[in-house]
Each structure stands twice: as structure tokens, then as C-alpha cells.
Amino acid sequence: MIEHEEDGIWISIEETIAIHHEEVFACLTSPGGLMRWFSVDAEVDLRQGGLIKFIWDREKKRTTTIAILDYHTDGRIVWDWQIAMQDRHAPVYWKVEPHVEEGSQVTLRQGPFADDQESLMAMAQEAITWRWYLCNLRGILEAKHDMRAVRPL
């Protein structure tokens, strides 16, 4: 979903995952969890103001370090995220909530994005990438299928 708000344009993606919400949230907040669906390895200082270092290759030469802007043990964490191909940040707001019948409801919101062509193109790329990774998270947790084996990092 795309929403135009006062401060800019936001993307919002939801995914229902048939796994307990605490296990899903651990996939966003722990090295082992992040390695399951996102990066090859990770280092996490899990606190507001802490850092997450994503390691993208086995040689540990390609890395990305982000700040944790906000963290709550109730299933919310905010990653400071640099927009693809730009020197601007659009934080990623994660929320994992229990869903009584289905397991967990994962919501990702990212923004704000400016209303210019370059920012809108970056927003579209971010939305595509995040949708893919959320599908991979669901595939890993529900079916033990890692799509990164088909489309490696």
C-alpha cells in the first residue's frame, strides 16, 4: 500500500505468517534470526541507539551497518535505512503482532519519501525488495524454503 501523508509518501507491506509472533520478531532482532531470511550473517546490539551490522558475504567484506532508532519488546523495532541509490534515509518501521487464527501479522512501513521522480523510483525499488524479503521470511518460517538459494545475495 502507498500512502500520501503530511510528511511525504510511505509504503506499507503486511504479511501474515503462521508462526508464533515471538519467533517472527526474533527474526528481526537477533543475529540467528536475521541470518535465516535476510543477510548471510549479522551482529546486533539490541537496544534503542544500538547497531545492526548486516554481513552480505561469507568473507565478511560486504557489510551494512544501521542504527536501531526505536525498540520495544512488544514487537516493534525501527531500523534507520538508507534509500537505495540516494543519500537519504527512510526508516523501516517493523511491527509483529499476534494473530489469533493465523499466527503473526507483520507490518513494515517505510518512509517518508519525497514526491520527486528519483525518490518515487527509489520507493518503488524499496517496495519490491521488501516484498521479496517478507515473502522469503514467510517461506523460511512456514515451509523451510529459502528463496535466496534461487536468487543469491
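Each reported figure results from applying straightforward, stated rules to the coordinates on display, with no laboratory input. Predicted, not measured: the structure shown is a model, and the values here were computed from it. Here the Cβ positions follow ideal geometry from the backbone for every residue, glycine too, while neighbour counts run over all protein chains shown.
Figures for the structure shown
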{"quantity": "The chain - convex hull of alpha carbons, volume per residue in Å³", "calculated": "116"}
{"quantity": "Low-density loop positions, GluC sites (Glu not before Pro), segment 64-138 - DSSP coil, at most 11 other Cβ in 10 Å", "calculated": "101, 102"}
{"quantity": "Cleavage-rule hits (GluC sites (Glu not before Pro)) in segment 1-89: DSSP loop, at most 15 neighbouring Cβ within 10 angstrom", "calculated": "6, 59"}
{"quantity": "Full-extension gain in nm, residue 107 to residue 3, via 0.36 nm per residue minus C-alpha separation", "calculated": "36.0 nm"}
{"quantity": "Magnitude of the charge dipole, the chain, Cβ model with Lys/Arg +1 and Asp/Glu -1, debye to 20", "calculated": "820"}
{"quantity": "With at most 16 neighbouring Cβ atoms within 10 Å, loop trypsin sites (Lys or Arg not before Pro) (DSSP) excluded, longest segment of the chain", "calculated": "89-143"}
{"quantity": "Spatial separation of Cα centroids for segment 85-153 and segment 58-82, in angstrom", "calculated": "13"}
{"quantity": "Relative contact order %, the chain, counting alpha carbon pairs below 8 Å whose residues are six or more apart", "calculated": "26"}
